[in-house]
1. Using Cβ contacts closer than 10 Å as the measure, can you line up 130, 234 from fewest to most?
2. How high is the relative contact order of the stretch 298-453, in percent, with contacts defined as C-alpha pairs under 8 Å that are six or more residues apart?
3. Highest mean first, how do 11-23, 301-313 rank when packing is the count of other Cβ atoms within 10 Å averaged over residues?
4. So for each of 29-41, 382-394, 244-256 I average, over its residues, the number of other beta carbons within 10 Å; can you give me the resulting order with the highest mean first?
5. Can you sort 421, 326 from fewest to most other Cβ atoms within 10 Å of each residue's own Cβ?
6. Provide 241, 230, 434 in ascending order of the number of other Cβ atoms located within 10 Å of each residue's Cβ, fewest first.
7. Kindly identify the chain as rounded, prolate or oblate by the Cα gyration tensor criterion: order the square roots of the eigenvalues as a ≥ b ≥ c, call it rounded if a/c is under 1.5, otherwise compare a/b with b/c, prolate if a/b is larger, else oblate.
8. Only helical DSSP H runs with n ≥ 4 go in: add -39500 (n - 2.57) per run for the chain, normalise by residue count and round the 222 nm mean residue ellipticity to 500 deg cm²/dmol.
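Nothing in this text is a laboratory measurement; each read-out follows from the coordinates by a stated rule. Predicted model only: the values in this text are computed from it and were never measured. Neighbour counts run over all protein chains shown; Cβ positions are idealised from the backbone, glycine included.
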């Protein structure tokens with residue numbers, strides 16, 4: 001009987017899964033395979049929050065496969081070696097997998113293709129699994145990718161999306177193929193206490209609930225820090241427990257301004273992935289350099305540590321950083337503010353911030369994380385590279401009553417209203433009782449330093 005392997009990587013679901021559909025269309029047996037590869041951990045995936053979320057995803061995937069008569073096959077070791085070993089054990093002719101955009105993923109795909117072809121087997125790589133529109137399918141006339149979002153989004157919006165496929169009803173997995181034990185979330189230490197649950201079942205539940213109750217107000221409320229009105233679907237899109245094609249189609253079907261704004265955010269995700277696919281070195285190097293001579297030294301290390309711990313003396317920045325540590329997630333407006341503060345107010349290399357985010361974010365996606373940090377640092381695709389977000393002004397605008405700050409900065413829980421954004425203006429006796437730190441730098445000083453560094457008057 002014919003057997004195919006489906007190699008799961010960033011696509012941990014059964015619904016709307018092109019590689020799985022292609023393997024099942026050929027008839028016969030399927031080996032749903034996931035490989036825990038130490039090289040993936042070495043390439044920034046070893047963060048506890050993502051490992052715990054991954055454990056949820058793998059267990060849920062296995063459970064959904066068992067409901068259909070199958071099971072997940074889990075192996076450990078080098079991905080290419082393990083795939084070839086399973087292919088030999090099951091006399092498999094073909095392997096199906098999703099495409100990916102990082103330099104690591106490209107190298108893995110090339111190695112796997114060579115190894116399979118040497119054994120007389122074929123590798124099929126499927127697009128629009130982790131994106132709504134495939135990287136490279138939308139390009140300007142004179143380049144291999146779009147460097148500005150607005151024209152990209154215009155073309156992206158004109159693309160017809162493929163059909164959404166339901167999860168298969170039955171899957172037959174060869175009994176003889178062995179598997180190691182599935183990991184458990186509880187085996188992972190040092191996770192954020194407020195970390196969300198993973199898995200396709202949870203992801204689909206979240207999407208359905210949010211489309212029903214959160215989509216309509218998304219356009220007007222998505223920047224509301226205290227309202228927490230974003231979808232929080234980014235971890236599920238990152239791990240592929242949700243299909244971006246399905247998310248776009250369902251949002252468009254619901255319609256309205258909220259749907260348009262939500263779809264635009266998914267397009268931003270696709271935009272960053274097409275940039276990284278074309279420029280893999282942008283994960284570590286400036287996409288557009290300004291010759292920045294970033295600050296270094298002991299005093300800078302102290303500033304960075306205060307930023308990491310949420311002790312900068314700027315309440316909205318500290319609230320966002322504490323949310324990150326507690327949940328392994330941060331509101332998007334918060335991400336913009338803390339990135340601006342680190343790279344422009346403190347004038348610290350964006351890679352320092354990107355690394356910290358990857359250490360904690362459950363949705364720590366290489367394309368979105370690195371390129372969004374570059375966008376905020378002014379070394380990426382932002383058409384206004386020298387913009388600086390004032391954390392006081394931004395706090396008053398997007399957390400006018402101070403509820404977000406009070407939620408995360410317990411020292412300021414008793415400060416009333418918008419005054420929480422400028423605690424240094426409190427009477428000295430009242431301020432001393434809070435125990436909240438003084439600002440580590442004045443905003444005027446930080447702005448002037450940044451202007452000098454970028455050659456602006």
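1. Final ranking by Cβ density, sparse to dense: 234, 130.
2. Once divided by the residue count of the stretch 298-453, the mean separation gives 27 percent.
3. The densest-packed peptide leads the list: 11-23, 301-313.
4. 29-41, 244-256, 382-394
5. Least crowded to most crowded, the residues run 326, 421.
6. Ranking 241, 230, 434 by Cβ neighbours within 10 Å, fewest first, gives 434, 230, 241.
7. Judged from the Cα gyration tensor, the chain comes out prolate (a/c at least 1.5, a/b above b/c).
8. Estimated from H runs of four or more residues: -14000 deg cm²/dmol.
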